[in-house]
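Participant: Below is one structure. I have some questions about it.
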Amino acid sequence: MTSETINATAAGGWTLGDLTVNRIGFGAMRLTAGADGTPSDRDRAVAVLRRAVELGVNHIDTAAFYFSPLRSANELINTALAPYPDDLVIATKVWAGRDPSGDWRWASPAELRGQVEENLRQLGRDHLDVVNLRVPRSKATGSIAEHFGALAELREAGLVRHLGVSNVPPGQLAEARAIAPVVCVQNACAIGVPGVEQEFIRACGEQGIAYVPFFAIAGRGREAGVTGDEHDPVLTVARTHGATPAQVRVAWTLGLGPHVLAIPGTGDPAHLEENVAAGALRLTGEDMALLSSVPHV
């Protein structure tokens, strides 16, 4: 596939509430720093964002806490893409946050408005398309009603268009849906995901809710990116299709269901084109069965 024929529309589309997006999107976390933690090249990051939109990407995932020394993902998005295309959907997340020194902190329900407004200022918008409530791991079995209720109030006030939840099990999704409509679930998911999460993915589809995996390429490497040797089944499927292992991982993600959206991130223009091209890669049932043999992570 040549760069002239690569387009995110090849992956098909899905609706987040009343917003239609192509199933191949872009995650902004990798824009702010190199693999060694040094600030990214600003011009290159801006160019990657503009190229993503040229390739049909109309769903960008970001957060105010995506920053490194000298770089802010939201500011880069604003610089590269404002005034924004009418069909561009920008999703962000709150509850998690970082102070100016970079130290992590978790907001109280009353502080969520300030986090939403911070995203609005950085992105240069008067409302946010989608806001995910990013649940801390320490609250994996607790109630999220107070925090999600605060977000629902911001939706009623017009600062937020649609709501999602992140890092949640089925019970917390049900709790959130009892408060306000939920358009997406954003959980960590990659080849080797446990069966219980695969059941949750299917349940989201049955409820008409988008499932948006993060770390789909990085897997166990998480924030550090891909680490260690690739699993043999991934390499086998990659050779069969003349694709890269990363493309197989993206295609596997999309193969989980029509409601599953991919948001691979990169600061490399060539990797961007490879990721978007993966939207046209169709894995067979045999491929998916082989990949299911990868150990759970």
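The values are calculated or read from the model by the stated rules, or taken from the named source; none is laboratory data. Source: prediction; values computed, not measured. Heads up, the Cβs are rebuilt from the backbone with ideal geometry, glycines too, and the neighbour counts pull from every protein chain shown. Areas reflect the complete protein model, heavy atoms only, side chains present, ligands, DNA and RNA absent. Shrake-Rupley method; radii C 1.70, N 1.55, O 1.52, S 1.80 Å.
Participant: Return the residue satisfying two criteria in turn: it lies in segment 198-253 and is modelled with pLDDT of 95 or more, in contact with a Gly (Cβ under 9 Å, 6 or more places away or on another chain) and over 17 Å from L272 (Cα atoms), and of such residues it is surrounded by the fewest Cβ atoms within 10 Å (Cβ to Cβ).
Facilitator: Here the answer is R202.
Participant: Which one is nearest to A107 (Cα to Cα) among residues in segment 151-180 that are touching a residue at least 40 places away in the same chain (Cβ under 8 Å) and either among the polar types (S, T, N, Q) or open to solvent by 50 Å² or more (accessible area, probe 1.4 Å) (or both)?
Facilitator: Taking segment 151-180 first, the residues touching a residue at least 40 places away in the same chain (Cβ under 8 Å) are 151, 154, 159-162, 164, 166, 176.
Those left that are additionally either among the polar types (S, T, N, Q) or open to solvent by 50 Å² or more (accessible area, probe 1.4 Å) (or both): 161, 166.
Numbers: R161: 21, S166: 15 Å.
In this case the residue turns out to be S166.
Participant: Report, ordered by the first and then the second residue, all pairs with beta carbons closer than 6 Å, sequence separation of six or more or different chains, a first member in segment 44-70 that is touching a residue at least 12 places away in the same chain (Cβ under 8 Å), and a second member that is buried (at least 22 other Cβ atoms within 10 Å of the Cβ) and among the aromatic types (F, W, Y).
Facilitator: These pairs meet every condition: A52/F26; V57/F26; I60/F26.
Participant: Here's another thing I want to ask about it. Among the residues of segment 226-255, write down those that are without any contact (Cβ under 8 Å) to a residue 60 or more places away in the chain and assigned to a loop (DSSP other than H, G, I, E, B). Steps first, please.
Facilitator: Taking segment 226-255 first, the residues without any contact (Cβ under 8 Å) to a residue 60 or more places away in the chain are 226-230, 232, 235-249, 251, 255.
Scanning segment 226-255 gives V226, T227, G228, D229, E230, G242, A243, T244, G255.
Participant: OK, next. Does segment 105-125 include one or more residues that are touching a helix residue (DSSP H, G or I) at 6+ places or on another chain (Cβ under 9 Å), open to solvent by less than 40 Å² (accessible area, probe 1.4 Å), touching a residue at least 12 places away in the same chain (Cβ under 8 Å) and closer than 30 Å to V196 by Cα?
Facilitator: yes
Participant: Pairs only if they're at least six apart or on different chains, beta carbon under 8 angstrom, first in segment 187-199 and assigned to a helix (DSSP H, G or I), second at pLDDT 90 or above and crowded, with 17+ Cβ neighbours inside 10 Å; list them, first residue then second.
Facilitator: Cβ pairs passing all conditions: E197/N187; E197/C189; Q198/L256.
Participant: Please work out if E146 is in contact with a Phe, Trp or Tyr (Cβ under 9 Å, 6 or more places away or on another chain) and not polar (S, T, N, Q).
Facilitator: Details: in contact with a Phe, Trp or Tyr (Cβ under 9 Å, 6 or more places away or on another chain): no; not polar (S, T, N, Q): yes.
When the stated conditions are applied, E146 does not pass them.
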